Amino acid sequence: MKNLIKEVRISLIATLLLAILVCGLYPLVVWVVGHGLVPKKAEGSLITSKGKVIGSSLLAQGFLGPHYFHPRPSAAGEGYDSARSGATNWGPLSKKLIDTVRERVVAYRAENHLAPDTPVPADAVTASASGLDPHISVKNARLQARRVAKARSLTVELVMEKIDAHTEGRTLGILGEPRVNVMMLNLDLDGKL
């Protein structure tokens, strides 16, 4: 019995120390380091306009209408709901996925006044794993440029310059592909940056 009490006491002390370390000290160290090295990112890369938070450069938002560049489709609830982040989990042979992509391709071509045989970038018709990816491919942005320019009464050249200004290179110079942050591009076109 004496051994049992000793073992329970050791277990409780170990659990308490581990809880303090994992639930207290580690998060505190991560918070201090994050705010010390990259404070803007540690706060969620929030974007403000006229003193009001209007979004984050890390999360997609649904932009409606022909005068906006549109992000990737979202599977995260209605309206790019960050509380419901996630994918559809449809496999590559899923009839539902195939039908959804086919419908999106037709809609994308019609919305952007493209020929029926124009190749459509995959990111224009498929959701990302989180459903909240703020980026689109450069090709996707360029295919939307003519529609946006016409709706805003701008030249296509000016819209292409804005796309180039918001094109981010590969991560660490080698990972991924160049991409365009839709949120930042749309806010720049609205004059909010």
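Readers should treat all values here as calculations from the given coordinates under stated rules, not as data from a laboratory. Because the structure is a prediction, the values reported are computed rather than measured. Cβ atoms come from the backbone with ideal geometry, glycine included; neighbour counts cover every protein chain shown.
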Taking H as built 1.01 Å from N, whose amide H comes closer than 5 Å to the amide H of I47, not counting residues under 5 places away?
I54, G55, S56, S57
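With a cut-off of 8 Å between alpha carbons and a minimum separation of six or more residues, what is the relative contact order of the chain in percent? All intermediate terms of the calculation are to be shown ahead of the outcome.
Details: 231 pairs, mean separation 37.9, N = 193.
Normalised by residue count, the contact order of the chain is 20 percent.
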Would you work out the charge dipole size for region 108-185 about its Cα centre, treating the Cβ of every Lys and Arg as +1 and the Cβ of every Asp and Glu as -1, and quote it to the nearest 20 debye?
220
Where in the chain are the DSSP H helices whose alpha-carbon span along the long axis reaches 15 Å or more and whose Kyte-Doolittle mean is at least -1.0?
2-20, 26-37, 95-111, 138-152
Taking every alpha carbon pair in region 147-193 and sorting the distances into 5 angstrom bins from 0 up to the bin holding the longest one, the percent per bin comes out as 5, 21, 26, 23, 12, 8, 5, 1
Return the calculated 222 nm mean residue ellipticity for the chain, to the nearest 500 deg cm²/dmol, obtained by summing -39500 (n - 2.57) across DSSP H runs with n ≥ 4 and dividing by the residue count.
-13500 deg cm²/dmol
Between the residues L189, G36, V22, the Cα farthest towards the positive end of the dipole of the chain, that dipole coming from +1 and -1 charges on the beta-carbon of Lys, Arg, Asp and Glu, is from V22
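When the convex hull of the C-alpha atoms of region 42-193 is computed, what volume per residue in Å³ does it have? If you can, show how the numbers build up before the last one.
Working: hull volume 20.4 nm³, N = 152.
Convex hull of Cα atoms, per residue: 134 Å³.
What does the C-alpha gyration tensor say about the overall shape of region 111-193? Classify as rounded when a/c is under 1.5, otherwise prolate if a/b is larger than b/c, or oblate.
Since a/c reaches 1.5 but b/c is at least a/b, the shape of region 111-193 is classed as oblate.
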